[in-house]
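The values are calculated or read from the model by the stated rules, or taken from the named source; none is laboratory data. Fair warning: this is a prediction, and the values are worked out from it, not measured in the lab. Virtual Cβ from ideal backbone geometry, glycine too; neighbours counted across all protein chains shown.
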Amino acid sequence: MGTALIYDEEMTKYKLLWVDPACKFEVPERLTVSHGALVESGLADRCVSVPVREATDAEILLVHSAEYLEAVKTTPSMSLEDLMEFTLQYGDVYFHPNIYHCAKLAIGASLQLVDSVMTGKVRNGMALVRPPGHHSMHSAASGFCIFNNVAIAARYAQQRHGAKRVLIVDWDIHHGQGVQYCFEDDPSVLYFSWHRFEHQKFWPQLKESDFDTVGKEKGAGFNINVPWNKVGMQNSDYLSVFFHILLPVAYEFCPDLVLVSAGFDSAIGDPEGEMRATPDIFAHLTHLLMNLAEGKVCAVLEGGYNLTSLPQSVCQTVHTLLGDPAPCPANLDAPCKSALESLQCVRSVHRTYWSCLRHAADLPTSCSTKHINTAEGADQEPTEESSQEIFWPPPMKRVFPPTRTAVVLPDDVACPDGCKRWSLLEHPDPQLCLSALVDKMVKNEICNGLVLVPDVSVAMICLAQHAVAALNKRLLVVCVGDGMVPIQGTEDGKTLVVHFSRKESEEQRGKHFITVHLTKGCGDASGFIQAVLSLLLPLGYEYDPGLVLLVQKPDSGVCDSMWRQLTGLLQGLAQGHMLVVMQEDERKHIGPTCSSLLGIAAPSLGQLHSLLPEDVEALERLRRRLTPDWKLLQTTVAEEPRGREEL
Ligand code: Q6P
Ligand code: ZN
């Protein structure tokens with residue numbers, strides 16, 4: 001259905017006209033290198049290009065005061081001295097005669113994106129804009145931001161397109177305090193932000209950027225702040241926050257639209273963020289959001305100041321929006337101690353608001369995230385050491401296999417549009433036929449597949465055996481439905497089995513055979529999705545398989561939308577190499593499964609009922625039991641193992 005790309009060179013036509021160390025990184029080249037990289041990689045050509053427009057006064061007034069708008073309107077005709085003086089009222093921002101024009105285009109670009117996505121013209125998209133928006137407030141500019149692009153876009157989506165619930169994911173490394181203030185008491189907009197905080201020493205040094213600012217009145221619980229109290233956060237720290245905070249809450253919230261305040265100063269090499277997450281992490285962050293809101297994801301550029309890492313991160317994001325499989329999440333460390341402390345604090349203060357967090361642990365006893373002397377340390381210029389140039393390998397080329405989805409179906413079933421029938425004729429022996437299909441996936445000639453077989457248990461054994469032999473990487477088997485999972489020999493660590501079932505059909509067998517019990521079985525979407533997000537995904541990401549075998553047992557009871565969510569989410573692993581196995585007579589699942597394999601977003605699960613307390617508790621118990629072996633399952637500081645060196 002397409003990905004919109006919204007960009008106009010006009011937004012490069014303003015810059016800092018005087019000397020100000022706080023603003024020196026915010027340069028026009030940020031946009032030119034980002035757009036240039038999209039063009040050079042061929043990604044821009046694959047997108048639907050949508051023109052920008054100027055926002056109207058009425059649109060600006062959705063968030064800002066008339067006085068502030070009128071004041072900004074006077075800046076185009078100001079002299080240099082007047083501009084400098086005008087700028088002095090605000091923090092870490094600059095004005096230029098053309099910035100008002102660009103700021104209107106930046107909003108307009110964001111609204112064009114929302115229009116394109118909400119009307120179904122495209123599935124998702126990205127707007128490359130300057131100036132950014134998330135710091136700007138009702139009546140003030142701040143942090144390079146003039147108007148709050150994303151906040152205006154959220155209100156606009158609600159008013160113009162009837163979006164009821166909007167999720168704003170702010171993965172920029174600064175706190176979007178402007179967005180927070182705008183929606184503080186509003187339960188219809190869930191604002192999530194992680195940000196460099198360092199016990200309030202880092203800009204903008206606000207008490208209300210800490211984890212215990214959760215929203216006010218009706219909006220309590222709908223503001224989620226994840227403060228980073230150390231620099232150097234890595235991929236596993238970011239993913240842990242997605243698995244254990246953002247995704248469970250987002251699925252419970254059930255947004256109609258996802259807006260991303262897509263700042264890339266959270267990536268390695270950035271002089272502002274000083275974090276160490278690699279650009280390919282944005283492929284995963286994007287992918288993990290793409291089955292929310294039926295895929296309606298609008299990414300709007302915020303920060304990002306390293307002119308090498310910024311375009312890499314932008315390309316990873318757009319690649320993923322276009323539906324290309326993400327690169328493997330290789331070599332994930334354990335989350336660091338400081339990240340776990342933040343994770344525990346956030347989960348703890350939000351457990352009264354979200355049923356998925358009901359059994360989260362208490363605040364850590366020595367809550368060292370709080371109140372360290374803020375007077376002394378106005379945030380310093382980067383030190384000698386931190387400003388040294390950092391090197392990282394460029395992200396792997398993402399080569400798309402010639403065939404996306406291959407299917408092996410009974411002869412009387414038509415091949416779904418977009419899929420390729422994997423012919424039994426060339427492989428008269430059904431066993432060999434399936435093995436050959438696995439081989440093609442291993443060789444990256446086929447991305448994913450669906451096979452219908454007379455007996456899933458028999459097929460599962462053969463396929464697993466063959467896959468382990470063919471792969472020089474690990475195999476993840478995910479099995480949905482009651483009954484036995486006849487896979488032996490997981491002791492060598494080359495296969496990880498995760499089995500979802502209702503009955504206590506099997507005990508856990510070691511580190512690599514995990515059974516997840518749900519009271520009402522796989523038919524209960526609330527329980528199932530939480531188990532997928534906070535157990536299966538962390539396990540899968542840490543295990544980093546080369547292939548995923550997803551098996552649906554007969555009468556698994558799993559509902560259509562849940563099945564498509566599972567199929568969609570698991571494609572973040574193994575570069576999307578997934579083979580789905582179902583029983584021959586489960587024909588009603590063919591269409592939905594293929595649409596997921598083809599990269600079409602899953603339907604929303606609807607507003608989930610409160611999780612069964614016994615399920616939340618059972619999942620917590622299982623999680624705790626597994627944490628000694630699986631580091632990405634950790635959600636508290638106390639739990640072993642220690643993992644990565646304390647930062
Ligand atoms: C941060 C300015 C510099 C302090 C010096 C959407 C993008 C942004 C802006 C950050 C301005 N303070 N170390 O705005 O969040 O990246
Ligand atoms: Zn930023």
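Is there any pair with a first residue in region 13-33 that is over 16 Å from GLY143 (Cβ atoms) and a second that is loosely packed, with under 15 Cβ neighbours inside 10 Å and at pLDDT 95 or above whose Cβ atoms are under 7 Å apart and which are 6 or more apart or on different chains, and what are they?
Matching pairs, first to second residue: LEU17/LEU80.
Condition check ((1) basic (Lys, Arg); (2) within 16 Å of ligand 1 (Cβ to nearest atom); (3) in contact with a helix residue (DSSP H, G or I) (Cβ under 6 Å, 6 or more places away or on another chain)) across all residues:
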site: TRP203; (1), (2), (3): no, yes, no
site: ASP212; (1), (2), (3): no, no, yes
site: LYS216; (1), (2), (3): yes, no, no
site: ILE245; (1), (2), (3): no, no, yes
site: PRO248; (1), (2), (3): no, no, yes
site: PRO255; (1), (2), (3): no, no, yes
site: LEU259; (1), (2), (3): no, yes, yes
site: GLY263; (1), (2), (3): no, yes, no
site: GLU274; (1), (2), (3): no, yes, no
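List the pairs whose first member sits in region 171-183 and is closer than 11 Å to VAL150 by Cα and in contact (Cβ under 8 Å) with a residue 40 or more places away in the chain, whose second member is of a type in the set (D, E, K, R) and within 14 Å of ligand 2 (Cβ to nearest atom), and whose Cβ atoms are under 6 Å apart, counting only residues at least 6 apart or on separate chains?
Here the result reads GLY176/ASP170, each pair linking region 171-183 to a residue that is of a type in the set (D, E, K, R) and within 14 Å of ligand 2 (Cβ to nearest atom).
Which numbered condition trips up ALA470, out of (1) touching a helix residue (DSSP H, G or I) at 6+ places or on another chain (Cβ under 8 Å); (2) within 23 Å of PHE500 (Cα to Cα)?
(2)
Looking at region 67-90, is at least one residue without any contact (Cβ under 8 Å) to a residue 60 or more places away in the chain, of a type in the set (D, E, K, R) and assigned to a loop (DSSP other than H, G, I, E, B)? Break it down stepwise before answering.
Narrowing region 67-90 to residues without any contact (Cβ under 8 Å) to a residue 60 or more places away in the chain: 69-71, 73-79, 81-82, 85-90.
Adding the requirement that they be of a type in the set (D, E, K, R) leaves 70, 73, 81-82, 85.
The next check asks that each one be assigned to a loop (DSSP other than H, G, I, E, B); those that pass are none.
Among the residues of region 67-90, not one is without any contact (Cβ under 8 Å) to a residue 60 or more places away in the chain, of a type in the set (D, E, K, R) and assigned to a loop (DSSP other than H, G, I, E, B), which makes the answer no.
Working carefully through the options VAL117, VAL122, find the one that is part of a loop (DSSP other than H, G, I, E, B) and either away from ligand 2 (no atom under 16 Å from the Cβ) or not assigned by TED's automatic domain parsing to the domain that holds SER34 (or both).
Numbers: VAL117 fails: part of a loop (DSSP other than H, G, I, E, B).
That would be VAL122, the only listed residue that is part of a loop (DSSP other than H, G, I, E, B) and either away from ligand 2 (no atom under 16 Å from the Cβ) or not assigned by TED's automatic domain parsing to the domain that holds SER34 (or both).
Checking GLY215 against (1) in contact (Cβ under 8 Å) with a residue 60 or more places away in the chain; (2) more than 16 Å from ligand 2 (Cβ to nearest atom); (3) small (Gly, Ala, Ser): exactly one of these is not met. Which one?
GLY215 satisfies all of (1) in contact (Cβ under 8 Å) with a residue 60 or more places away in the chain; (2) more than 16 Å from ligand 2 (Cβ to nearest atom); (3) small (Gly, Ala, Ser) except (1).
Looking at PRO416, PRO430 in this structure, which one is in contact with a Gly (Cβ under 9 Å, 6 or more places away or on another chain), farther than 29 Å from ILE281 by Cα, surrounded by 13 or more Cβ atoms within 10 Å (Cβ to Cβ) and outside the structural domain of THR308 (by TED's automatic domain parsing)?
Details: PRO430 fails: in contact with a Gly (Cβ under 9 Å, 6 or more places away or on another chain).
Of PRO416, PRO430, the one residue that is in contact with a Gly (Cβ under 9 Å, 6 or more places away or on another chain), farther than 29 Å from ILE281 by Cα, surrounded by 13 or more Cβ atoms within 10 Å (Cβ to Cβ) and outside the structural domain of THR308 (by TED's automatic domain parsing) is PRO416.
Just a yes or no: is a residue in region 144-156 touching a helix residue (DSSP H, G or I) at 6+ places or on another chain (Cβ under 7 Å), of a type in the set (A, V, I, L, M), more than 10 Å from ligand 1 (Cβ to nearest atom) and within 17 Å of PHE253 (Cβ to Cβ)?
Checked against the condition, which is being touching a helix residue (DSSP H, G or I) at 6+ places or on another chain (Cβ under 7 Å), of a type in the set (A, V, I, L, M), more than 10 Å from ligand 1 (Cβ to nearest atom) and within 17 Å of PHE253 (Cβ to Cβ), region 144-156 yields no hits at all.
Working carefully through the options ASN229, ASN306, ASN331, find the one that is more than 12 Å from the chain's Cα centre (by Cα) and within 16 Å of ligand 2 (Cβ to nearest atom).
Values: ASN229 fails: within 16 Å of ligand 2 (Cβ to nearest atom); ASN331 fails: within 16 Å of ligand 2 (Cβ to nearest atom).
The unique qualifying residue is ASN306.
Could you list, in sequence order, the residues of region 446-461 that are more than 11 Å from HIS577 (Cβ to Cβ) and in contact with a helix residue (DSSP H, G or I) (Cβ under 9 Å, 6 or more places away or on another chain)? Lay out the reasoning, then the answer.
First pass over region 446-461, keeping only residues more than 11 Å from HIS577 (Cβ to Cβ): 450-461.
The answer is LEU450, VAL451, LEU452, VAL453, PRO454, ALA459.
Counting just the residues of region 15-30 that are farther than 15 Å from PHE95 by Cβ, of a type outside the set (Asp, Glu) and assigned to a helix (DSSP H, G or I), which one comes out farthest from ligand 2 (Cβ to nearest atom)?
Once the filter is applied, the top-ranked residue is PRO21.
Does SER116 meet the test of being in contact with a strand residue (DSSP E or B) (Cβ under 9 Å, 6 or more places away or on another chain), under 26 Å from GLY2 (Cα atoms) and within 16 Å of ligand 1 (Cβ to nearest atom)?
Values: in contact with a strand residue (DSSP E or B) (Cβ under 9 Å, 6 or more places away or on another chain): yes; under 26 Å from GLY2 (Cα atoms): yes; within 16 Å of ligand 1 (Cβ to nearest atom): no.
For SER116, the condition - in contact with a strand residue (DSSP E or B) (Cβ under 9 Å, 6 or more places away or on another chain), under 26 Å from GLY2 (Cα atoms) and within 16 Å of ligand 1 (Cβ to nearest atom) - is not met.
Please tell me if GLN200 is outside any loop (DSSP other than H, G, I, E, B) and away from ligand 2 (no atom under 15 Å from the Cβ).
Details: outside any loop (DSSP other than H, G, I, E, B): no; away from ligand 2 (no atom under 15 Å from the Cβ): yes.
Considered against the rule, which asks whether it is outside any loop (DSSP other than H, G, I, E, B) and away from ligand 2 (no atom under 15 Å from the Cβ), GLN200 comes out as no.
Please identify the pairs in which a residue from region 295-316 that is in contact (Cβ under 8 Å) with a residue 12 or more places away in the chain and more than 11 Å from PRO132 (Cβ to Cβ) has its Cβ atom under 7 Å from the Cβ atom of a residue that is among the polar types (S, T, N, Q) and away from ligand 2 (no atom under 16 Å from the Cβ), counting only partners at least 6 apart or on another chain.
GLY295/ASN124; LYS296/ASN124; VAL297/ASN124; CYS298/ASN124; CYS315/SER41
Can you pull out every residue in region 183-197 that is not small (Gly, Ala, Ser) and not in a loop (DSSP other than H, G, I, E, B)?
So the first thing to find is which residues in region 183-197 are not small (Gly, Ala, Ser), and the list is 183-187, 189-192, 194-197.
Those that are not small (Gly, Ala, Ser) and not in a loop (DSSP other than H, G, I, E, B): PHE183, VAL189, LEU190, TYR191, PHE192, TRP194, HIS195, ARG196.
Which one of these does VAL300 not meet: (1) within 19 Å of THR278 (Cβ to Cβ); (2) out of contact with any Lys or Arg (no Cβ under 9 Å at 6 or more places or on another chain)?
Evaluating VAL300 over (1) within 19 Å of THR278 (Cβ to Cβ); (2) out of contact with any Lys or Arg (no Cβ under 9 Å at 6 or more places or on another chain) leaves (1) as the failure.
Starting from residues that are assigned to a strand (DSSP E or B) and within 13 Å of ligand 2 (Cβ to nearest atom), keep the ones in region 135-149 and report whichever is surrounded by the most Cβ atoms within 10 Å (Cβ to Cβ). Even if it seems obvious, please write down each step before you answer.
In the first step, residues of region 135-149 are kept if they are assigned to a strand (DSSP E or B); the result is 137, 140, 142, 145.
Next, from what is left, pick out any that are within 13 Å of ligand 2 (Cβ to nearest atom): 142, 145.
Working: SER142: 20, CYS145: 27.
Within region 135-149, the match that is surrounded by the most Cβ atoms within 10 Å (Cβ to Cβ) is CYS145.
In the list ARG358, ARG347, ARG351, which residue meets the criterion of being of a type in the set (Lys, Arg), surrounded by 22 or more Cβ atoms within 10 Å (Cβ to Cβ) and modelled with pLDDT of 90 or more?
Numbers: ARG358 fails: surrounded by 22 or more Cβ atoms within 10 Å (Cβ to Cβ); ARG351 fails: surrounded by 22 or more Cβ atoms within 10 Å (Cβ to Cβ).
Within the list ARG358, ARG347, ARG351, the selection yields ARG347.
Can you tell me which residue among ALA293, ALA299 is buried (at least 24 other Cβ atoms within 10 Å of the Cβ) and either more than 19 Å from ILE168 (Cβ to Cβ) or away from ligand 2 (no atom under 16 Å from the Cβ) (or both)?
Working: ALA299 fails: either more than 19 Å from ILE168 (Cβ to Cβ) or away from ligand 2 (no atom under 16 Å from the Cβ) (or both).
Answer to the check: ALA293.
Do we find that MET126 is within 16 Å of ligand 1 (Cβ to nearest atom) and touching a residue at least 60 places away in the same chain (Cβ under 8 Å) in this structure? Walk me through how you get there before you give the answer.
Values: within 16 Å of ligand 1 (Cβ to nearest atom): yes; touching a residue at least 60 places away in the same chain (Cβ under 8 Å): yes.
Here the answer is yes, as MET126 does meet what is asked.
Looking at region 244-284 only, could you name the residues that are of a type in the set (Asp, Glu) and in a loop (DSSP other than H, G, I, E, B)?
First pass over region 244-284, keeping only residues of a type in the set (Asp, Glu): 252, 256, 265, 270, 272, 274, 280.
Across region 244-284, the qualifying residues are ASP256, ASP265, ASP270, GLU272, GLU274, ASP280.
Quick check: anything in region 570-577 at pLDDT 95 or above, hydrophobic (A, V, I, L, M, F, W, C) and on the phi < 0 side of the Ramachandran plot? Lay out the reasoning, then the answer.
Our first condition is that a residue be at pLDDT 95 or above; within region 570-577, this holds for 570-577.
Then drop every residue that is not hydrophobic (A, V, I, L, M, F, W, C), which leaves 570, 573-574.
Subsequent filtering for residues that are on the phi < 0 side of the Ramachandran plot retains 570, 573.
Checked against the condition, which is being at pLDDT 95 or above, hydrophobic (A, V, I, L, M, F, W, C) and on the phi < 0 side of the Ramachandran plot, region 570-577 yields at least one hit.
Condition first: over 36 Å from the mean Cα position of the chain (by Cα) and among the polar types (S, T, N, Q). Now tell me which residues in region 393-435 satisfy that.
Selection gives SER423, GLN431.
Given the criterion buried (at least 24 other Cβ atoms within 10 Å of the Cβ), more than 29 Å from SER355 (Cβ to Cβ) and more than 16 Å from ligand 2 (Cβ to nearest atom), identify the matching residue among ALA277, ALA283. Even if it seems obvious, please write down each step before you answer.
Working: ALA277 fails: more than 16 Å from ligand 2 (Cβ to nearest atom).
Going through ALA277, ALA283 in turn, the sole match is ALA283.
Can you report the number of residues in region 112-134 which are of a type in the set (A, V, I, L, M, F, W, C) and surrounded by fewer than 24 Cβ atoms within 10 Å (Cβ to Cβ)?
First pass over region 112-134, keeping only residues of a type in the set (A, V, I, L, M, F, W, C): 113-114, 117-118, 122, 126-129.
Next cut, surrounded by fewer than 24 Cβ atoms within 10 Å (Cβ to Cβ) only: 118, 122.
The total comes to 2.
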